[in-house]
Amino acid sequence: MTTPDHSRGLLRWLWSRYLRRYKGTLALALLFMAIEGSMFGLLARMMKPMFDQLFAGGDAGLLTWVAVVIFAVFVVRAVASVLQKVLLTKLGQQTAADIRQDLLAHLMRLDLSFHTEHPPGVLIQRVEGDVAAINRVWTTIVTGAGRDVVALIALFSVALWVDWVWTLVALVGAPLLIAPGALLQRYVRRHARTARDLAARLSGRLSEVFQGVAPIKLNQLEAYQSDRYAELTEARVKTEVRTQFGAASVPGLIDIMSGIGFVGVLIYGGGEILSGAKTVGDFMAFFTAIGLAFEPLRRLGAISGVWQVAAAAVERIRELLAAEPSILSPAHPKPAPEGDLDVVFDNVTLAYGDTPVLRDVSFTAPAGRTTALVGASGAGKTTVFSALARLADPQEGAIRLGGTDIRELSLDDLRARLSMVSQEPALFDDSLRENITFGAEVDPARLQAALDAAHVTDFLPRLPDGLDSPVGPRGSSLSGGQRQRVAIARAILRDTPVLLLDEATSALDAQSEQVVQAALADLSKGRTTLVIAHRLSTIRDADQIIVMDQGQVVAVGTHDALLAEGGTYARLHALQFDV
Ligand code: ADP
């Protein structure tokens, strides 16, 4: 439920976490706003001498003076307005950048399971759209609070100076605003929250579509996807219109209130002027002041709407920032093991939610040797890797690296000892060089050696700019085999004692296959290698084979021993390699 306290809490949070550090800029912006706002008060105040002494009184000497002051009012207002806008934009953009930076850093820390539940598009919308909604608040609220409040004070001072009874009459409609205003706020907040959620779901949908364009075409799902998207966009149009209706109704109410006051003063004050109790100058000054007060009043009214929209976004962002990763480094990590490291799974049981994926898995991958994991798809091989890298933590059992329980190592130390070469290596839309070195300074001779060993050098001459050629989104301008060689080059440079390989299931062309295999064989020499094996040659050459079935280890041994034994391995072998 939306309460003023709740809103104040959100504002306080924004202030203490993001705004406070820019309080100098904010103060300066407020100063210029105050200057801008007060100028209209001066303008209204000038109406009285202009009408009473200049026009009615015929004091011609005053003309230049009034003209100069009025012109100065506009110039000062213009300069102050530009300066405050620039300062506010800087403030708004800078805080938005800070929030985005914090969000990104935080989201990358969260567990993989969080990311399974929150698809990328949704998170992108939170980082981009929700932060933009907050950003609008600075410009509106702070502008309102600064310039418009000062303008109102100045203008109402002039009005009071002319006649305090008139001022009261002008405000008779004000109490009518309170109850509908509060209702409207609640209405706006509710719809704004729905609108933010819809925006997030829409970008979630978009990112799914763009990442899966090929399957959409192949399954002729264009119309289906369009329809699903249209449903959401229609809902969004409706909610946005409702939000705007609510937000615009507050200034609307203020207009009606102003109309009531205006007519009241006209009837009451008109009589006083006709009877000679007041001058035309009084009347002009008063109406200029009240007339000029309309705009700032309406804008202040609109602020509540903008704030409700922003508050909905702030709530969502705070929810994200409140999510804590469950996979963390221990408070007092043990020193990382050095040298050749063996990997031990000791009665490991791991479930994703209620789905058990690894059941009582035990094995030892000896240091410096190659252990092949084989088993049907879904047997849990990839999960063995995830558990070792602590992308997911087991519920029972322990995993040891070089004799140390991996939960006692810092995540950084643990992951610095592992390299992963996967079927579909992740490449980023950057140059080939960036994709291999990740911005680190690498000794050119060492880089060259890695490129040679990974056979990246073989295809470099065919790229337009060699190492500086862009690889395209997700590496799309490289072939599958080339992408794998890039991943191998990365692993060579990482030079870790433990290597995790996920062999490609999809066949590369024969030549690429050979090159990649040779590079992988070189890479795994002397390292503790765990390989999810799909190729017969890899399995044959492995020092040890672990056969998995439905999350369990069903057999361990060498190729020949396991074949002789019969059982799952022999069946799998016959199925997979058609021998
Ligand atoms: P493999 O690599 O042997 O094909 P995986 O380790 O990828 O098998 O998956 C084992 C099982 O775990 C599968 O049944 C899969 O559906 C399930 N699984 C994998 N990842 C997740 C996840 N993030 N959430 C829920 N279930 C998962």
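No lab work stands behind these numbers, since they all come straight from the coordinates. Just so it is clear, the model here is predicted, and its values are computed rather than measured. Note: ideal-geometry Cβ built from the backbone for every residue, glycine included; neighbour counts use all protein chains shown.
Note: relative contact order over region 338-459, using C-alpha pairs below 8 Å and six or more positions apart, is 24 percent. Taking θ as phi - 60° and the Karplus parameters 6.51, -1.76 and 1.60, the scalar couplings of region 495-504 work out to 6, 9, x, 10, 10, 10, 10, 10, 5, 5 Hz in sequence order, x denoting glycine and proline. Spin-label model, residue 221/residue 74: points 7 Å from Cα along the beta carbon direction are separated by 6.1 nm. The phi torsions of region 425-433, fed into the Karplus equation with coefficients 6.51, -1.76 and 1.60 and a -60° offset, translate into couplings of x, 7, 10, 10, 6, 8, 6, 4, 4 Hz, rounded to whole numbers, with Gly and Pro shown as x. Across region 534-542, rounded Karplus estimates of 3J(HN,Hα) from the backbone phi angles (6.51 cos²θ - 1.76 cosθ + 1.60, θ = phi - 60°) give 10, 9, 4, 5, 4, 5, 4, 7, 5 Hz, Gly and Pro being marked x.
If R0 is 22 Å, the Cβ-Cβ spacing of residue 182 and residue 245 corresponds to a FRET efficiency of close to 0.85.
For region 382-447, run through the GluC sites (Glu not before Pro) and keep only the ones in DSSP coil with at most 16 other Cβ atoms within 10 Å of their Cβ.
On the way: sites: 396, 408, 434, 441; in loops: 441.
Listed in order of number, the matching sites are 441.
Taking amide H as placed 1.01 Å from N in the peptide plane, the amide H of residue 357 sits under 5 Å from that of 350, 351, 352, each at least 5 places away or on another chain. Amide hydrogen proximity for residue 469: with H placed 1.01 Å from N in the peptide plane, the residues at 5 or more positions away or on another chain lying under 5 Å are 432, 433.
Highest mean packing first, where packing is the average number of other Cβ atoms within 10 Å per residue, the peptides 365-372, 212-219 line up as 365-372, 212-219. Taking a point 7 Å from the Cα of residue 59 along the Cα-to-Cβ direction, the residues of region 29-46 with backbone N closer than 14 Å to it are 46. Annotation: amide H of residue 549 within the under-5 Å range of 554, sequence separation 5 or more or interchain, hydrogens built in the peptide plane.
Over region 343-577, what is the relative contact order in percent, taking alpha-carbon pairs closer than 8 angstrom and at least six residues apart? Intermediate results must be reported in sequence, preceding the final value.
On the way: 409 pairs, mean separation 68.7, N = 235.
Relative contact order of region 343-577: 29 percent.
Computing FRET efficiency as 1/(1 + (r/R0)^6) for residue 25 and residue 323, where r is the C-beta to C-beta distance and R0 is 45 Å, gives about 0.90. Descending by average beta-carbon neighbour count within 10 Å, the peptides 542-549, 349-356 line up as 542-549, 349-356, the highest first.
Its Kirkwood hydrodynamic radius, worked out from the mean inverse distance over all distinct Cα pairs, puts region 10-322 at 22.7 Å. What you get for the chain, charging only the Cβ of Lys and Arg (+1) and of Asp and Glu (-1), is a dipole of about 2040 debye around the Cα centre.
What 222 nm value per residue comes from the helices of the chain, counting each DSSP H run with n ≥ 4 as -39,500 (n - 2.57) and dividing by all residues, nearest 500 deg cm²/dmol? All intermediate terms of the calculation are to be shown ahead of the outcome.
Numbers: 21 runs with 344 residues, N = 579.
Estimated from H runs of four or more residues: -20000 deg cm²/dmol.
Of the residues 377, 475, 524, the one whose Cα sits farthest toward the positive end of the charge dipole of the chain, with +1 on the Cβ of Lys and Arg and -1 on the Cβ of Asp and Glu, is 475. Indicate the helices, whole DSSP H runs only, in the chain that combine a mean Kyte-Doolittle hydropathy of 0.0 or more with a Cα extent along their long axis of 27 angstrom or more. Length and hydropathy pass: 23-48, 62-109, 222-274, 280-322. Across the chain, Cα pairs under 8 Å and at least six residues apart give a relative contact order of 15 percent. Compute the separation of the alpha-carbon centres of region 114-177 and region 465-536 and state it in Å as a whole number. Here the answer is 56 Å between Cα centres. Over every Cα atom in the chain, the radius of gyration and the widest Cα-Cα span, Dmax, amount to 35.1, 121 Å.
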